[in-house]
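Have a look at the structure below, then the notes.
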Amino acid sequence: MSDTNVRKPYPPSPYRRGADNGFYFGIYLTGMFFAFVLSVKISLFSLITMAMFVAVPFLIYRWLRIAFVEDGGKSAISSLWMQGIMIFACGSAIAGVVATVYLKWINPDFIIDRLHETIDLYESLEWPQGKEMADVLQRMIDYRIVPSAIQIVVEMIWLSIFSGSLLSLLMSLLARAKSVKQSTDTPNS
């Protein structure tokens, strides 16, 4: 049998690649969440959180560029874009589960504590709108209309997927911007 009769396997679908990358991105987002949580007590973690946030576009670009190169430069923008959306959807789902467990069962007062800190900050300001904002936040606590942990996590997931979709479109355009060198498989004579 000659080599010309051997079929090359199809490249993985953007859904599969996105899910695979999304698993690692979920771990990354979980790390970012815990860095944010720790930043309340240790200010160095706020810098780590910000650095991780700034690194997200580069991470997404890298995964999309790898997919584009593996496909020999033939990936459509829509395929790369869908891969990016799946990265954000899967990663956000994983981080969302961890955040829900933390906010609901491990540290259920985390949200209320942050609201009390915000109220204290606004009350300490010599700004009339700050006092008004502090009153609104205090009424939210008094009337028990503070969003629950699951509500906040669902909003975080939606924000991540929506903004990730826009970012993925831009990164898919950038991933395709540089052409891929085509390898020539010619036998040596």
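The values are calculated or read from the model by the stated rules, or taken from the named source; none is laboratory data. Given the structure is predicted, the values throughout are model-derived calculations rather than measurements. Here Cβ is always computed from backbone atoms with ideal geometry, including for glycine, and neighbour counts include all displayed protein chains. When the accessible area is computed, the model is the full protein with side chains, heavy atoms only, and any ligands, DNA or RNA have been set aside. Shrake-Rupley method; radii C 1.70, N 1.55, O 1.52, S 1.80 Å.
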Review point. How would you order 38-47, 11-20 from highest to lowest mean count of nearby Cβ atoms within 10 Å?
Key: 11-20, 38-47
Review point. Hey, what angle do you get for helix 14-39 against the long axis of the chain, alpha-carbon based, 0 to 90 degrees rounded to 10?
Key: 30
Review point. If the chain between residue 118 and residue 24 were fully stretched, how many nm would it gain, using 0.36 nm times the residue separation less the Cα-Cα distance?
Key: 30.5 nm
Point to revise | Charge dipole of the stretch 4-67 about the Cα centre (unit charges at C-beta), most positive-ward option of 30, 60, 50 | key: 60
Practice item. Would you mind telling me the share, in percent, of accessible area of the chain contributed by carbon and sulfur at probe 1.4 angstrom? Key: 66
Revision key, fill the gap. Computed about the Cα centre, the charge dipole of the chain from +1 Lys/Arg and -1 Asp/Glu charges at the Cβ has a magnitude in debye, to the nearest 20, of 1020
**Study point:** Relative contact order of the chain, pairs being alpha-carbon contacts under 8 Å that are 6 or more residues apart, as %
**Key:** 31
Review point. Lys pairs in the chain, Cα-Cα under 28 Å, at least 8 apart or on separate chains: how many?
Key: 7
Exercise for review: Would you mind checking the tilt of helix 77-101 against the longest principal axis of the Cα atoms of the chain, expressed as 0 to 90 degrees and rounded to 10?
Suggested key: 40
Check your understanding: Given the C-alpha centroids of the stretch 105-169 and the stretch 8-73, what is the distance between them in whole angstrom?
Key -> 25
**Study point:** More than 25 Å apart - percent of Cα-Cα pairs taken over the chain
**Key:** 52
